[in-house]
Amino acid sequence: MNALSWLTGRTPQLTEQQRQRCEHLPTAAALDDTALNQQRLVVIDLETSGLDMRRDQVLSIGAVVIEQGAIDLGQQFECTLQRHDHQVSASVLIHGLAPSAIAAGIAPAEALLGFMEFLGDSPLLAFHAGFDQRMLGRALKQTLGYRLRHPFFDAAELAPLLCPQANIQQGGLDDWTDYFGLQVQQRHHASADALVTAELALILFSRARQQQFDSLLALEQGLAGWRRRQQAHSL
Amino acid sequence: MSKTDAFAEAGKTAVLQNIHGTMEFLQKFPPFNQMDSAHLAYLVEHCQLRFYGQGESIIKPDDGPVEHFYIVKQGRVHGERPHSARRGSETTFEITSGECFPLAALIGDRATRTEHLAAEDTFCLLLSKPAFIKLFALSNPLRDFALRGVSSLLDQVNQRVQLNAVETLGAQYSLDTPLGELAMRQPISCTPNTALREAVKLMHEQHVGSIVIVDPAHKPLGIFTLRDLRRVVAAGNSLDQPIDSLMTPEPFHLPPDASAFDAAIAMTERHIAHVCLVERGRLSGVVSERDLFSLQRIDLVHLARTIRHAGKVETLAALRSDIRQLVDRMLAHGASSTQITHLITLLNDHTVCRVIELTLEDLGDPGVPFTWLCFGSEGRREQTLHTDQDNGILFEAKDATETADMRRRLLPVAVEINQRLAQCDFTLCKGNIMAGNPELCLSRQEWTRRFTSFIHEATPENLLASSIYFDLRVVWGDSQGCEQVRQTLFKQIAGNSLFQRMMAENALRQRPPVGRFRDFVVARTGAEKHTLDLKVQGLTPFVDGARLLALAHGVETCNTLERLRELIDKGVIEALDGAAYEEAYHFIQQTRMQQHQLQARQQLPYSNRLDPDRLNHLDRRILRESFRQAQRLQSSLALRYQL
């Protein structure tokens, strides 16, 4: 029993080999002033059994990599998680994952380890990242006893900061893909949503460079200032 | 499930959603739609997706040898070259969704010569050069496409046009078949001193309708046909005289690589039934009318002859539907729009001549020699089935009194000819540009005066008139007077830069229907919503441009394509530009004719308006490129005349 599993109060069912892999996962790199077109970044989208961040489960993970300023189509992560206790709920209508597909998925521990190895020490980006951060964090903790510390960037927050002229305040992914005329191959498929979010990110980074935010650190600082201003406005 | 099936199945599910999605996207476009799906999957898996903001440079000449094969996923890319004559640069081409670049530079292992800029926010798929080279070796469709570029697109269109035609007609030969392939057997020939009796015996034994008289080096000296034999027998000539006194000397000949179409046209023009094939001065074959008929089932020669000998206007009118069928079949056999317009003009000329002759027989000779002129598209030999009358009469008179007298005698004949032509489907001209109009039944001096006034008083009406009348041609009668008028016209235009400038302005009036931000510019409202005009917006810029340059540089021919060719020969336009204009003009005309044929078959009225969305992807793309060539021609005129 290691220190992490002791903290969770539960013993994750891991093989010895899995436990070793888990221990060798790299720690997240701190944000620095690496230029945006040199920064490796992983864009993710999760499909879940529902929107309850305490009870619902991660059903599939889609991720694409932005590296050297481009999306590398050869480097993608796509995986459906095996859930024996999965109850079919109304959300099946959204993500379209059939119970049979979920039953045929990969064991959660394998899937999550695979994803974390794919992620490496790179920061993450998602649309409405808060949700993905909480869901992924909880799954990692419960399944692997691993605490997720990687920084997340939220495209839903970056977009109105960098493109105020779009005049979209509380927009969803569809609002922004419409605004930029992006095509989604299959909406609410984790990989396809991750890809279109990554395309959105490429546009946003191009706008960010024009506005002198040429690193994730600069963007993080820009976001902090923007959050303060938004708060001041709402007061 | 067998082992291989299981493997294939596993391969399928192993393809990631996004790879699959991108493949589906690419499969809408050539050459990707023809590629093996394993090759296409390899392509997509080795791609990066990159974003370029509007105005951002994608590749430029300074970047050195090209490192990637680019496919536009979304957005538009412009090719910008330094302007040849001005400072700044000009957009030479546009690349949109599904299209790729820069093939020539990539294959040539060199830098691009054109800067590629994102014309709007654009995503491109980038395949690295090593991956491209690997695919290039594996995939035939990709290699073909890359090596042949856009011309392979045109080939695809042509292949499909012919394929469709073959499907509807169940025939499988083409008008482009070389004559050498048609003349299967050895030609029958004899020496000049052979007795006629011997020669006819030879023809009879060999079952042929003609014999060619050759010298010892096998050079053809003359031809003797069964028709000639009838003449000889009727005249009571002896069958024992040597054949060279009875043959038709200097027979018409073509090289063996000339096409069936060339032979058909020659027979139609010259009223001959046999064409000798001559290669390096030696007789190599004979193609007869019958060879062509059995091949084409196109009764071209026969039709022309029937028109020329029709006894009544009603017969001529009835023959119009035969012409329509003929055009239908020719399109089906893959004839080009140029071949077809040429042929329609030829048959129309025969019809006009016959109508004139019949009218003169019926009304009696007015006793004044006259020349029948035609203008506009008929003058340019660019008629389609959908045609208006634009004609006039020219005659020679000594003075004003004689002019008035001659006109009085000619007018009733002219009016009658106009009416009879109308019976034959030559629609009466709404603008009354017809020989029956006293203002268009003029002496040579009057025509010259009239044209001079167009040039000196450049009113909008006169400019419009010059765009019709200055494409003039003789259809019937002596052509000397017309040539004199034309020479005077050239002299006046060459020395009048103001008029040239006005004509240039006029030539820029019709803007080709492509915009900066959209595929095509189409009508937004009314019955013509979503359509564009192939003739006015697509062909007119070429016709007007070619006319202006031809008149300013003394090019006598009126046909737009011939004008372009002569302008290249004279160095007025660059050969590459001229060839591009020709190809573009040709494609627009072809599209227009196919539409006319379709309308005729559906019994709809002829219209030049087209909804570009009804074309398939490939045709739409080429049509758009063709309109861009029209834009280029216009901007070169604007530069030349500093507008």
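The values are calculated or read from the model by the stated rules, or taken from the named source; none is laboratory data. Just so it is clear, the model here is predicted, and its values are computed rather than measured. Here Cβ is always computed from backbone atoms with ideal geometry, including for glycine, and neighbour counts include all displayed protein chains.
If we keep just the residues of segment B:561-576 that are assigned to a helix (DSSP H, G or I) and in contact with a Leu (Cβ under 8 Å, 6 or more places away or on another chain), which is farthest from B:G538 (Cα to Cα)?
B:L567
Go through (1) within 14 Å of chain B (Cβ to nearest Cβ); (2) in contact with a helix residue (DSSP H, G or I) (Cβ under 9 Å, 6 or more places away or on another chain); (3) acidic (D, E) one by one and return the number of the condition A:E157 breaks.
(1)
Just checking, how many residues over segment B:353-370 are surrounded by 20 or more Cβ atoms within 10 Å (Cβ to Cβ) and touching a strand residue (DSSP E or B) at 6+ places or on another chain (Cβ under 8 Å)?
Selection size over segment B:353-370: 2.
Which condition breaks for B:P412 when tested against (1) closer than 17 Å to B:L360 by Cα; (2) touching a strand residue (DSSP E or B) at 6+ places or on another chain (Cβ under 8 Å); (3) not aliphatic (A, V, I, L, M)?
Going through (1) closer than 17 Å to B:L360 by Cα; (2) touching a strand residue (DSSP E or B) at 6+ places or on another chain (Cβ under 8 Å); (3) not aliphatic (A, V, I, L, M) one by one, B:P412 breaks only (2).
Determine which single condition A:H189 fails, assuming it passes every other condition in (1) more than 17 Å from A:L158 (Cα to Cα); (2) facing chain B (nearest Cβ under 8 Å); (3) surrounded by fewer than 18 Cβ atoms within 10 Å (Cβ to Cβ).
Of the numbered conditions (1) more than 17 Å from A:L158 (Cα to Cα); (2) facing chain B (nearest Cβ under 8 Å); (3) surrounded by fewer than 18 Cβ atoms within 10 Å (Cβ to Cβ), the odd one out for A:H189 is (3).
Against the conditions (1) modelled with pLDDT of 90 or more; (2) touching a helix residue (DSSP H, G or I) at 6+ places or on another chain (Cβ under 8 Å), where does B:N506 fall short? Just the number, please.
B:N506 satisfies all of (1) modelled with pLDDT of 90 or more; (2) touching a helix residue (DSSP H, G or I) at 6+ places or on another chain (Cβ under 8 Å) except (1).
Just the residues that are in contact (Cβ under 8 Å) with a residue 12 or more places away in the chain, facing another protein chain (nearest Cβ under 8 Å) and outside any strand (DSSP E or B), please, taken from segment B:23-55.
Hits for segment B:23-55 are B:F25, B:V44, B:E45, B:H46, B:G53.
Looking only at segment A:163-182, count every residue that is loosely packed, with under 14 Cβ neighbours inside 10 Å and either in contact with a Gly (Cβ under 6 Å, 6 or more places away or on another chain) or within 10 Å of chain B (Cβ to nearest Cβ) (or both) and tell me the total.
1
In segment A:144-156, what residues are surrounded by 16 or more Cβ atoms within 10 Å (Cβ to Cβ) and within 25 Å of A:T27 (Cβ to Cβ)?
Result: A:L144, A:G145, A:Y146, A:L148, A:H150, A:P151, A:F152, A:F153, A:D154, A:A155.
Which of the residues spanning segment A:64-117 are closer than 30 Å to A:L202 by Cβ, away from chain B (no Cβ under 13 Å) and modelled with pLDDT of 90 or more?
Answer for segment A:64-117, where residues must be closer than 30 Å to A:L202 by Cβ, away from chain B (no Cβ under 13 Å) and modelled with pLDDT of 90 or more: A:A111, A:L112, A:L113, A:G114, A:F115, A:M116, A:E117.
When segment B:428-441 is examined, which residues are found to be outside any loop (DSSP other than H, G, I, E, B) and closer than 15 Å to B:I468 by Cβ?
Selection gives B:E439, B:L440.
So how many residues does segment B:28-59 have that are over 18 Å from B:T96 (Cβ atoms), surrounded by fewer than 16 Cβ atoms within 10 Å (Cβ to Cβ) and of a type in the set (D, E, K, R)?
Qualifying residue count for the region: 1.
For (1) in contact (Cβ under 8 Å) with a residue 24 or more places away in the chain; (2) among the β-branched types (V, I, T); (3) surrounded by 22 or more Cβ atoms within 10 Å (Cβ to Cβ); (4) more than 19 Å from B:S466 (Cα to Cα), each residue gets a yes or a no:
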{"site": "B:T525", "(1), (2), (3), (4)": "no, yes, no, yes"}
{"site": "B:D544", "(1), (2), (3), (4)": "yes, no, yes, no"}
{"site": "B:L551", "(1), (2), (3), (4)": "yes, no, yes, no"}
{"site": "B:E556", "(1), (2), (3), (4)": "yes, no, no, no"}
{"site": "B:E562", "(1), (2), (3), (4)": "no, no, no, yes"}
{"site": "B:R565", "(1), (2), (3), (4)": "no, no, no, yes"}
{"site": "B:G571", "(1), (2), (3), (4)": "no, no, no, yes"}
{"site": "B:E574", "(1), (2), (3), (4)": "no, no, no, yes"}
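Hey, A:D178 hits all of (1) over 14 Å from the mean Cα position of the chain (by Cα); (2) in contact (Cβ under 8 Å) with a residue 12 or more places away in the chain but one; which does it fall short on?
Evaluating A:D178 over (1) over 14 Å from the mean Cα position of the chain (by Cα); (2) in contact (Cβ under 8 Å) with a residue 12 or more places away in the chain leaves (2) as the failure.
What do you reckon, is A:A194 touching a residue at least 12 places away in the same chain (Cβ under 8 Å), part of a helix (DSSP H, G or I) and within 12 Å of chain B (Cβ to nearest Cβ)?
yes
Report, by residue number, each residue of segment B:344-387 that is within 19 Å of the chain's Cα centre (by Cα) and more than 20 Å from B:T315 (Cβ to Cβ).
Selection gives B:T345, B:F375, B:G376, B:S377, B:E378, B:G379, B:R380, B:R381, B:E382, B:Q383, B:T384, B:H386.
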